[in-house]
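Computed from the coordinates by the stated procedures, all read-outs in this text should not be read as laboratory data. Computed from a predicted structure; not experimentally measured. All Cβ positions, even for glycine, are placed from backbone atoms using ideal geometry, and neighbour counts span all protein chains on display.
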């Protein structure tokens, strides 16, 4: 079956530190992969996505590369800001009817000045 | 110009009551979803509707009943509320063939 395993949190970093949040997946087919971000008190927003192997998704300084050989989609940012404090979710979808998403457990990030 | 909206944003009610949460999307999407997020931020899919037809119905109590009057709306009715129903409920939508989902702001349900 399909599943997503995400790095446990919470993660606390100082401003301008390097961020990596690990995500690995199990899928029966060829999924699309996503990172969503949830700021306090808000709904989830799409941060970036990749639809096939070796694709790199990027947005707001965040990047993740779809690695089929390691079944991974790790999220990285070179220099985090206080405003990046949020919960980050890795997810996969195989599309099709119903378009079911499989979410990871979420990783809470706090960036301190 | 809100893409996916939910009402109410907060709902406080007593055990045993019946309540509804409404969701509307103005994106022209044909698939809508309900998720439950618990206090540890874990997201669980509850239902998915495609063109007003139920597609995904995960194992949730039958006290939860979704209703889709048209493609732009998916409401969630909950009967006989229990303490364990306290959570944040998110509505989402997507277009068939495009797997990206758009989420509403959430409804925080508190059952006392």
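Within region A:53-73, if we keep just the residues that are touching a residue at least 24 places away in the same chain (Cβ under 8 Å), assigned to a strand (DSSP E or B) and farther than 22 Å from residue B:3 by Cβ, the residue that is farthest from the chain's Cα centre (by Cα) turns out to be A:72. One residue stands out among those in region B:64-94 that are surrounded by fewer than 17 Cβ atoms within 10 Å (Cβ to Cβ) and in a helix (DSSP H, G or I): the one that is nearest to the other protein chains (Cβ to nearest Cβ), which is B:84. Considering only residues of region A:1-52 that are under 19 Å from residue B:104 (Cβ atoms) and in a loop (DSSP other than H, G, I, E, B), which is farthest from the chain's Cα centre (by Cα)? Once the filter is applied, the top-ranked residue is A:41. Filtering A:27, A:50, A:91 for residues that are more than 9 Å from every other protein chain (Cβ to nearest Cβ), surrounded by 14 or more Cβ atoms within 10 Å (Cβ to Cβ) and under 30 Å from residue B:5 (Cβ atoms) leaves a single hit, A:50. Being more than 14 Å from chain A (Cβ to nearest Cβ) and assigned to a strand (DSSP E or B) is a condition met by at least one residue of region B:95-109.
Residues that are within 17 Å of residue B:24 (Cα to Cα) and in a strand (DSSP E or B) within region B:50-63 comprise B:50, B:53, B:54, listed in sequence order.
Look at (1) closer than 18 Å to residue A:103 by Cα; (2) assigned to a strand (DSSP E or B); (3) within 11 Å of chain A (Cβ to nearest Cβ) and you find that residue B:34 fails only one, number (3).
May I ask you to say which residue of A:80, A:111 is assigned to a loop (DSSP other than H, G, I, E, B) and in contact with a strand residue (DSSP E or B) (Cβ under 8 Å, 6 or more places away or on another chain)?
Values: A:111 fails: assigned to a loop (DSSP other than H, G, I, E, B).
After ruling out the rest, the residue left standing is A:80.
Going residue by residue through region A:64-86, is there one that turns out to be within 11 Å of another protein chain (Cβ to nearest Cβ) and within 17 Å of residue A:12 (Cβ to Cβ)? Taking every residue of region A:64-86 in turn, at least one turns out to be within 11 Å of another protein chain (Cβ to nearest Cβ) and within 17 Å of residue A:12 (Cβ to Cβ).
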